[in-house]
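Derivation of every value follows stated rules applied to the coordinates shown; laboratory data play no part. Every value quoted in this text rests on a predicted model; they were computed, and no experiment measured them. Because the Cβ atoms are built from the backbone with ideal geometry, glycine has one as well, and the counts that use them run over all protein chains shown.
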Amino acid sequence: MPDSHDHSPDIGQPAASLALGVSSQNDLVPPDCGSEVLLELRGISKRFGTNQVLDNVDLTLYRGEAVAIIGPSGTGKSTILRIIAGLLSADEGEIYVQGRRREGLIEDSTDPVGIGMVFQQAALFDSLTVEENVGFLLYQHSDLPASQIRNIVDDVLEMVGLPGTGKSYPAELSGGMRKRVSFARAIVSNPENPQDRPALLLYDEPTAGLDPIASTVIEDLIRSIKGSNGCSSYLIVTHQDSTIRRTADRVIFLHRGRIQWQGPVAEVDATDNPFVRQFFSGQIEGPIQMTQ
């Protein structure tokens with residue numbers, strides 16, 4: 001759906017207080033991060049009508065991890081993000097954020113860590129300027145003066161490589177620039193409430209539809225945001241080979257609502273897992289069968 005039609009407050013609202021997580025069946029702990037579990041999904045299932053999108057999924061995300069969820073279209077990857085973000089409820093299972101069980105959706109309770117989400121289509125309000133989009137949460141839910149909010153927004157826009165664009169409207173920007181605005185909105189926070197700063201970011205197909213150069217800019221930005229925020233974490237859903245290899249430390253392969261393989265990104269070329277081999281080779285023959 002084009003950005004010009006993205007009016008939903010639920011989708012467009014900045015997610016500085018969302019909560020997210022992912023878990024692993026092998027309890028893989030990255031050597032460069034601590035063993036603190038940031039988020040867990042336990043037995044998560046979700047069905048839409050007769051379609052079983054997620055089937056008893058267990059995932060663990062450790063603080064400091066960069067994890068990619070990959071797999072064919074329609075296998076529940078984006079659904080996991082929305083459940084983690086608290087925008088969609090699971091039919092079965094439990095979600096734990098930093099050891100505390102979440103009850104209900106994001107508006108029903110406050111998670112112990114902040115979570116930001118970057119949507120596939122940027123989900124900007126087309127009637128608002130870039131500054132108003134990025135500072136939306138602060139304008140609506142803080143007592144900060146407008147001048148201070150503008151300064152905060154200017155700093156975040158410079159961080160994502162878009163200085164001087166605050167007065168522009170989304171329709172005046174390229175697709176890659178709109179993506180970066182959505183990044184800025186996801187990471188903006190109230191300096192008077194530092195606990196609201198996202199400890200975890202969720203990216204839903206952040207490089208979809210971009211040319212290779214624009215994709216590289218976004219991939220570099222994803223990594224730089226993580227580095228500039230200390231040992232922060234993110235979960236990224238993507239189909240693009242370069243995005244998987246350049247942004248992820250660990251990869252989780254999802255097919256038909258179940259985890260079929262997971263491991264370090266360096267092992268995707270070495271594993272003999274048939275799902276991974278077919279996905280990266282693009283072969284028609286294999287366990288992944290496309291439906292018409």
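Using only the Cα atoms of the range 94-202, each taken as one equal point scatterer with no solvent, compute I(q) by the Debye sum, divide by I(0), and report log10 of the ratio at q = 0.12, 0.15, 0.20, 0.22 Å⁻¹.
-0.43, -0.66, -1.05, -1.20
Over all directions, the average projected area of the alpha-carbon convex hull for the range 37-126 comes to how many nm²?
6.8
Hey, what does the equivalent ellipsoid look like for the range 136-284, semi-axes from the Cα gyration tensor as sqrt of 5 times each eigenvalue, largest first, whole Å?
Values for the range 136-284, descending: 34, 18, 12 Å.
So if I place +1 on the C-beta of Lys and Arg and -1 on the C-beta of Asp and Glu, and nothing else carries charge, what would the dipole magnitude of the range 3-281 be about its Cα centre? I want it in debye, nearest 20.
380
Restricting attention to the range 72-161, which GluC sites (Glu not before Pro) occupy a DSSP loop and are surrounded by at most 13 other Cβ atoms within 10 Å?
Passing both the DSSP loop test and the Cβ count: 103.
Taking a virtual spin label 7 Å from the Cα of residue 101 along the C-beta vector, which residues in the range 35-74 bring their backbone nitrogen under 16 Å of it?
The answer is 40-45.
Over the range 3-281, calculate the relative contact order: mean separation of alpha carbon pairs under 8 Å at least 6 apart, over the residue count, as a percent.
Values: 603 pairs, mean separation 70.4, N = 279.
25 percent.
Considering only DSSP beta bridges with both partners in the range 3-281, what is the antiparallel share in %, to the nearest 5?
55
Taking the beta-carbon count within 10 Å as an exposure proxy, list 255, 239 from fewest neighbours to most. Numbers along the way, then the final one.
On the way: 255 21, 239 15.
Going from sparsest to densest Cβ surroundings: 239, 255.
What Kirkwood hydrodynamic radius, in Å, does the range 94-145 give when the mean of 1/r is taken over all pairs of distinct Cα atoms and then inverted?
13.6
Calculate, in nm to one decimal, what residue 245 and residue 127 gain on full extension: separation in residues at 0.36 nm each, minus their alpha carbon distance. Before the final figure, lay out each step's value.
Values: separation 118, 0.36 × 118 = 42.48 nm, distance 3.62 nm.
Gain on extension, residue 245 to residue 127, equals 38.9 nm.
Need one number: nm distance between label points at residue 36 and residue 193, each 7 Å from Cα along Cα→Cβ, rounded to one decimal.
2.1
Give me the distance between the Cα centres of the range 206-220 and the range 109-132, rounded to whole Å.
19
State the percent of C-alpha pairs, over all pairs in the range 196-273, separated by a distance greater than 14 angstrom.
65
Could you give the semi-axes, largest first, of the ellipsoid that matches the range 3-281, computed as the square roots of 5 times the alpha carbon gyration tensor eigenvalues and rounded to whole Å?
In descending order, the three semi-axes are 29, 21, 18 Å.
Normalised by the number of residues in the range 53-149, what is the relative contact order in percent for Cα pairs under 8 Å and 6+ residues apart?
After rounding, I find 15 percent.
Give me the number: length gained by fully extending residue 140 to residue 271, i.e. 0.36 nm times residue separation minus the C-alpha to C-alpha distance, one decimal in nm.
Residue separation times 0.36 nm, minus the Cα-Cα distance, leaves 42.3 nm.
Can you tell me the FRET efficiency between residue 94 and residue 168 if r is taken as the Cβ-Cβ distance and R0 is 45 Å, rounded to the nearest 0.05?
0.55
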